[in-house]
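Engineer: Dropping a structure here in structure tokens format, bear with me for questions.
The values are calculated or read from the model by the stated rules, or taken from the named source; none is laboratory data. Only a predicted model underlies this, so the values are computations on that prediction, with no experimental measurement involved. Every residue, glycine among them, receives a Cβ derived from its backbone with ideal geometry; neighbour counts consider all protein chains shown. The accessibility values were calculated without ligands, DNA or RNA, using every heavy atom of the protein model including side chains. Shrake-Rupley method; radii C 1.70, N 1.55, O 1.52, S 1.80 Å.
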Amino acid sequence: MDSELNDQSVAETTMARSAYIHVPFCRHRCGYCNFTLIAGRPDLHAKYIEALGQELSLLQTPRPVETLFIGGGTPTELSPEQLQRLLKLVGQWFPLAEEGEFSLEANPADVDANLVDLLCAEGVNRVSLGGQSFDRSKLQWLERDHNEICLQNSFELLRKKIDAVSMDLIFGTPGETVPMWEKDVEQLLHLKPHHISTYGLTIERGSSFFGRLQRGEFELPSEEVQREMYLLARHKLQSQGYEHYEVSNFALPGFHCRHNETYWLGGPYYAAGPGAARYIDGRREVNHRSTITYLKKIAAGESVVAESEQIQGSARAREVLVFALRRLSGITPAWFKSTTGFDLMTLGGTQLERFVQLGLLAWHDDYLRLTEEGLLVSDSIWPELL
Ligand code: SF4
């Protein structure tokens, strides 16, 4: 296939229909967190909203979207008045389609009836609750500022008025056993959220726990125990009607996160705020991660973009392959060809065949999918396909 044709095929020709807004604030940085945020600086909230407005004004005209995602950090760390201002601003620049999905991440400790009413009034129809656990000592170790009672109450308040509530749950904290994790999953199932994201705890460089782990102050459960926890969650959630639709995500039928599907299917998307990454017209741009730098750049009338890269040809096609294979429904060669312009087996045949032989990927009719064994080691598969 000639490379000019490849580049032309891979370049995005469709308009972005999704937008992400990053709210970089939390009261406190949890010990395991290395996300883009600034902790304990409510004095910057108003300046941030103003700066965000200036960044969005570069769009010049409103861009209608089908999915909006306000993430963080903790968007609900803003005062109700500030949050309302932000939601109105975002709605102005990214008017949402009638059946659109409008997600917002919330901290359980911030949720009360007034907040839920505000979210409804501004059109938020999906809330992702950072629950993490129902075990008080696990939540304390994670340095979260809520307990299990607060989590249940916030969930109940949201469920009364918000169309879809998602819950995050972490497994694999120090000293956590499989029966302890099973109790967490059972309490989660008792609430029956529409959507569940579950992650094994990782301690990344940049988090305050990283040094403690290096110094041997605590140990994470073995890989074997973590795999057992993952499979336990998978089997329990599936037996209760949840579809395991992406490596870390489960949903009741009809409640997949449409915004994240855009990422996994290689679609274009807008983004704004410190550290936000967008993918438009084949170009990936990432904003400055430091909130202070972001504010200064905006005040000086300078660009907030820190990295910019045109991603085309086989590099883009390989990215699409890796993202799309995270979805458990898998990919077909025809879909891959129409999305990237590349023949699946010509591009990745050797590695893909090897993973099929190892039992990590499998063909089901025309679909290439992760197997259960592949799910357990998916993080080691992706680098080999890129
Ligand atoms: S609340 Fe979430 S984003 Fe904020 S510090 Fe804790 S883990 Fe990080």
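Engineer: Filter the range 62-110 down to the residues that are assigned to a strand (DSSP E or B) and within 16 Å of the ligand (Cβ to nearest atom) and list them by number. Quick ask: steps written out before the conclusion?
Structural biologist: Pass one, the range 62-110, residues assigned to a strand (DSSP E or B): 65-72, 96-106.
Those that are assigned to a strand (DSSP E or B) and within 16 Å of the ligand (Cβ to nearest atom): F69, I70, G71, G72, S103, L104, E105, A106.
Engineer: If S239 meets every condition in (1) crowded, with 17+ Cβ neighbours inside 10 Å; (2) over 23 Å from the mean Cα position of the chain (by Cα); (3) under 28 Å from V165 (Cβ atoms) apart from one, which number is that one?
Structural biologist: Going through the list (1) crowded, with 17+ Cβ neighbours inside 10 Å; (2) over 23 Å from the mean Cα position of the chain (by Cα); (3) under 28 Å from V165 (Cβ atoms), S239 breaks only (1).
Engineer: Residues R159, R144: which one is at pLDDT 95 or above and outside any helix (DSSP H, G or I)?
Structural biologist: The unique qualifying residue is R144.
Engineer: Evaluate the range 119-130: report whether one residue or more is under 20 Å from L44 (Cα atoms), among the polar types (S, T, N, Q) and either under 21 Å from the mean Cα position of the chain (by Cα) or crowded, with 23+ Cβ neighbours inside 10 Å (or both). Quick ask: steps written out before the conclusion?
Structural biologist: Of the range 119-130, the ones under 20 Å from L44 (Cα atoms) are none.
No.
Engineer: Could you list, in sequence order, the residues of the range 28-58 that are assigned to a loop (DSSP other than H, G, I, E, B) and surrounded by 15 or more Cβ atoms within 10 Å (Cβ to Cβ)? I'd like the intermediate steps shown before the answer.
Structural biologist: Going through the range 28-58, the residues assigned to a loop (DSSP other than H, G, I, E, B) turn out to be 28-37, 40-41, 58.
Scanning the range 28-58 gives R29, C30, G31, Y32, C33, N34, F35, T36, L37, R41.
Engineer: Can you tell me which residue among F355, F336 is free of Cβ contacts under 8 Å to residues at least 60 places away in the same chain, over 28 Å from A16 (Cβ atoms) and in contact with a Leu (Cβ under 6 Å, 6 or more places away or on another chain)? Don't jump to the end; show me each part of the working.
Structural biologist: Values: F336 fails: over 28 Å from A16 (Cβ atoms).
That would be F355, the only listed residue that is free of Cβ contacts under 8 Å to residues at least 60 places away in the same chain, over 28 Å from A16 (Cβ atoms) and in contact with a Leu (Cβ under 6 Å, 6 or more places away or on another chain).
Engineer: Just give me the residues in the range 111-140 being more than 27 Å from P179 (Cβ to Cβ) and of a type in the set (D, E), in sequence order.
Structural biologist: The answer is D112, D117, E122.
Engineer: When you check A106 against the structure, is it crowded, with 23+ Cβ neighbours inside 10 Å, more than 21 Å from P268 (Cα to Cα) and not hydroxyl-bearing (S, T, Y), yes or no? Don't jump to the end; show me each part of the working.
Structural biologist: On the way: crowded, with 23+ Cβ neighbours inside 10 Å: yes; more than 21 Å from P268 (Cα to Cα): yes; not hydroxyl-bearing (S, T, Y): yes.
Yes: the conditions hold for A106.
Engineer: Return only the number of the condition from (1) at pLDDT 95 or above; (2) over 30 Å from F336 (Cβ atoms); (3) within 16 Å of the ligand (Cβ to nearest atom); (4) not β-branched (V, I, T) that N34 does not satisfy.
Structural biologist: N34 satisfies all of (1) at pLDDT 95 or above; (2) over 30 Å from F336 (Cβ atoms); (3) within 16 Å of the ligand (Cβ to nearest atom); (4) not β-branched (V, I, T) except (1).
Engineer: Does V356 meet the test of being under 25 Å from C257 (Cβ atoms) and surrounded by fewer than 20 Cβ atoms within 10 Å (Cβ to Cβ)?
Structural biologist: Details: under 25 Å from C257 (Cβ atoms): no; surrounded by fewer than 20 Cβ atoms within 10 Å (Cβ to Cβ): yes.
No.
Engineer: Could you give every pair whose Cβ atoms fall below 8 Å, whose first residue belongs to the range 182-209 and is closer than 15 Å to F250 by Cβ and open to solvent by 60 Å² or more (accessible area, probe 1.4 Å), and whose second residue is of a type in the set (S, T, N, Q) and at pLDDT 95 or above, counting only separations of at least 6 or pairs across chains?
Structural biologist: K192/Q240; Y199/S248
Engineer: Another question about this same structure. Just wondering, is there one or more residues in the range 363-375 that are within 19 Å of the chain's Cα centre (by Cα) and assigned to a helix (DSSP H, G or I)? Steps first, please.
Structural biologist: Just the residues of the range 363-375 that are within 19 Å of the chain's Cα centre (by Cα), to begin with: 375.
Going one step further and asking which of them are assigned to a helix (DSSP H, G or I), we end up with 375.
Yes, the range 363-375 contains at least one residue that is within 19 Å of the chain's Cα centre (by Cα) and assigned to a helix (DSSP H, G or I).
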